[in-house]
Amino acid sequence: MKTILFDLDGTLTDSKEGILKSIQYALSCYGIEEDENNLGMFLGPPAHLAFQEFYGFSEEKSFEITNVFRKRYSEKGIYENRIYDGVKELLEKFYNDCIKLCVATSKPQIYTEKILESFEIRKYFDIVVGSDLEGKFCDKSDIIAKVIELSGEDKNDCVMVGDRKYDIIGAKENGIKSIAVLYGYGNREEFVLSGADFIAEKVENIYELAFF
C-alpha cells in the first residue's frame with residue numbers, strides 16, 4: 001500500500017510564530033536578547049540540539065533552557081500556529097484514495113497529538129510518531145524508521161514529505177523516496193544539496209508527486 005509520511009512543522013502547519021517567540025523568550029531568560037528574524041535555524045532540528053549548536057550551551061544547560069522554551073510553547077506557542085491552505089483538502093483526497101498517511105516529526109509526541117487534534121486532522125493519520133521529551137528519541141532518521149516499522153509496508157511504497165534537509169536525509173538513510181516542499185522553511189538549494197527526489201512548490205503538487 002502506498003504510504004506517505006508527513007513532517008509537521010513547515011509541512012502541514014505553519015508553526016513559525018509560536019516556535020520563534022518561545023525560543024526568543026527562553027533566550028531572554030538567559031540574558032540573550034535576539035530578534036525573531038535571526039532564529040530560523042531553530043525551525044527543523046530538536047530545540048536542545050539547536051541551543052547547543054548555535055549558542056554553545058552545554059548538554060545540561062541546553063535541556064534546562066529547552067524546558068523554559070517548552071513551558072512558554074505549551075502555554076502559548078502551540079496556539080500561535082495555522083494549518084497551510086490546501087492541507088485538509090490534500091489529506092482528504094489521499095484518505096479517500098485509501099492511502100496510508102503517517103506523521104514523522106521531531107516535535108515531541110505530546111505536542112504533535114494536540115496540534116493535529118486542534119486542526120481536526122488527526123483522523124486522517126494511521127500512525128503518528130514524534131520525539132520524546134528527554135531527547136533520547138529525536139533523530140529524524142530514527143523517527144522515520146519507527147514509522148516504517150509500525151506501518152509494516154514495503155519501503156518502495158513509502159515516501160517522506162518534508163520542508164527541511166533533515167526530512168530528506170532521514171528518508172535517504174531509510175531507503176525511501178522524499179518530496180521536499182518549498183512553501184515551508186527550507187529552500188531549493190538545501191533540497192538539491194540533500195538529494196531530494198522531488199520538489200513540490202505548492203501543497204497541491206504533493207498529490208501528483210506522491211505517485212512516482
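The values are calculated or read from the model by the stated rules, or taken from the named source; none is laboratory data. None of the values given here were measured: they were computed from a predicted structure. Glycine gets a Cβ as well: all are built from the backbone with ideal geometry, and neighbour counts include every protein chain shown. In case anyone asks, the SASA skips ligands and DNA or RNA and just uses the protein heavy atoms, side chains included. Shrake-Rupley method; radii C 1.70, N 1.55, O 1.52, S 1.80 Å.
Over what distance in Å are the Cα centres of the range 182-204 and the range 60-83 separated?
27 Å
Output the direction-averaged projected area (hull surface divided by four) of the convex hull of the alpha-carbon atoms of the range 101-159, in nm².
Working: hull surface 15.8 nm².
If you wrap the Cα atoms of the range 101-159 in a convex hull and average its projections, you get 4.0 nm².
Might you tell me the accessible area per residue for the chain, computed with a 1.4 Å probe and given in Å²?
On the way: 9860 Å² over 212 residues.
Each residue of the chain exposes 47 Å² on average to a 1.4 Å probe.
Under 5 Å between amide H atoms, partner at least 5 residues away or on a different chain: which partners does Val181 have, H built in plane at 1.01 Å?
Gly162, Asp163, Ala200
Are there any GluC sites (Glu not before Pro) in the range 113-194 that are in a DSSP loop and have at most 10 other Cβ atoms within 10 Å? List them by number.
Glu120, Glu134
For the range 80-210, give the percent of accessible area contributed by carbon and sulfur heavy atoms, probe 1.4 Å, rounded to a whole number.
47 percent
With the convex hull built on the Cα atoms of the range 1-57, state its orientation-averaged projected area in nm².
Computing the convex hull of the Cα atoms and averaging its projections yields 4.6 nm².
Suppose we keep just the alpha-carbon trace of the range 21-162; what are its Rg and Dmax in angstrom?
16.7, 52
Compute the FRET efficiency between Glu190 and Lys76 as 1/(1 + (r/R0)^6), taking r as their Cβ-Cβ distance and R0 = 25 Å, and round to the nearest 0.05.
Once the sixth-power term is evaluated, E becomes 0.30.
At 7 Å along the Cα-to-beta-carbon direction for both Asn37 and Ser118, put a label point, then send me their distance in nm to one decimal.
Distance between the two pseudo-spin positions: 2.6 nm.
Non-local amide H neighbours of Phe6 (under 5 Å, H modeled in plane, Pro and chain starts lacking H): which ones?
Cys102, Val103, Ala104, Val161
Sorted by mean Cβ packing within 10 Å, highest first, what order do the peptides 25-35, 63-73, 177-187 take?
Ranked from most to least packed, the peptides come out as 177-187, 63-73, 25-35.
Expressed as a rounded percentage, what relative contact order does the chain have, with Cα pairs under 8 Å and six or more residues apart?
On the way: 365 pairs, mean separation 50.9, N = 212.
Reported relative contact order: 24 percent.
So what is the diffusion coefficient of the range 92-212 in µm² per second by Stokes-Einstein at 4 °C and 1.567 mPa s, using a Kirkwood Rh over Cα pairs?
Details: Rh = 14.7 Å.
So the translational diffusion coefficient is about 88 µm²/s.
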